[in-house]
Every structure is written in structure tokens, then in C-alpha cells.
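Undergrad: One structure follows; several queries about it will come next.
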Amino acid sequence: MIILSMVVPTIVFRFLLPKKVADLDQIKEMRKVRKDMVEYAMLELDKIYLPEALRRQLLYDLKAQLDEVSMKDFLKEMNTTVRRPDLKPHDREFRDEVYRYAFRLERNYLGQIAQSEQKYREGFLKLYRETLMAEILFLGTKED
């Protein structure tokens, strides 16, 4: 009786419970979604006017989300950032608005995809939270 009570639920639950997506499959899918999300944001940002310096910085930051930034690019960007004088308030406000728009594009893309891919919901939520955290960290002021 004891052995039967252990074996029957194991076999029955295997057919009744929904199958969980393998972690490796979910990781691969989330990498693809992240890449598609960044490419979507880049394409949408190409449709609006941006000063060249801001466009370059924005593209650098978007590529950094994909770990596609070499050490040479990182050092070049760091050097440019250090040498650049502090932005004027209206320039900083414009830059922040552009980044806010880029983050919104990424979140909207995730929202559209998440509705059609329920099996990766946990991964979508994680990417969504990462995007929100990046926005908070980037756009947060010293007073926050």
C-alpha cells in the first residue's frame, strides 16, 4: 500500500501537471528576446532626430545590454565621458527624455511578446524588471 501510494502520484502527476520549460531553453529564448528588444529600440530610435553625440552614446548603452561592447569601446566611451563637461540642464533633460523613450520602447516590446509567449513568462518578468532597474539607476538624480 505504501509503495503504491508513492508510485501512483508520481505517474499520475506527470500527466496532469503542466510541463515546466527547461532552464537552458528559457535562457536561450531570453537571450534572443533581449537581442530582439534592443534591436527594436535601435530601429525605432533611428526614426527620430538625435544629435550625433547623443545617438552614439545611446547606441553604446544599448549594445552594452547585449554584452557587445569591447574593452576598447568601453575605454573610449569612458574617456569621452570624463572629458565632456557637465551637461547644461536643458541638455541633460533632453538626454533623459530620450533615454526614457528608449526604456519605454524596450518595455513595450517585452509586453507585446509576453502576451504571445506564456511559457516564458518568468523570463519576461525578469527582463522587464531589469529594464525598470536600469531606468531607475540611469535616470535617478543625486537627490533621489
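Undergrad: Among the listed pairs LYS32/LYS126; LYS28/LYS72; LYS47/LYS126, which are separated by more than 23 Å between their Cα atoms?
TA: LYS28/LYS72; LYS47/LYS126
Undergrad: A further question on this structure: Give me the aspartates and glutamates in straight-line cross-link reach of LYS76: C-alpha distance below 20 Å, same-chain residues under 8 apart excluded.
TA: Answer for LYS76, where 20 Å is the Cα cut-off: GLU52, ASP61, ASP67, GLU68, ASP86, listed by chain and number.
Undergrad: How far apart, in nanometres, would the label points at MET71 and ASP36 be if each is projected 7 angstrom from Cα along the Cα-to-Cβ direction?
TA: Placing both labels 7 Å beyond Cα along the Cβ direction yields 3.5 nm.
Undergrad: How much FRET efficiency would the formula 1/(1 + (r/R0)^6) give for TYR128 and PHE94, where r is the Cβ-Cβ distance and R0 is 25 Å, rounded to 0.05?
TA: Numbers: r = 26 Å, r/R0 = 1.03.
Efficiency at R0 = 25 Å is approximately 0.45.
Undergrad: Further, regarding this structure: Give me the distance in nm between label points sitting 7 Å out from Cα along the Cα-to-Cβ direction at ILE136 and GLU117, one decimal.
TA: Here the modelled spin labels are 2.4 nm apart.
Read the figures in this text as sums done on the coordinates, not as results from a lab. Everything numeric here is computed off the predicted structure, so don't read it as measured data. Methodologically, a virtual Cβ is constructed for each residue, glycine included, from the backbone with ideal geometry; neighbour enumeration extends over all protein chains shown.
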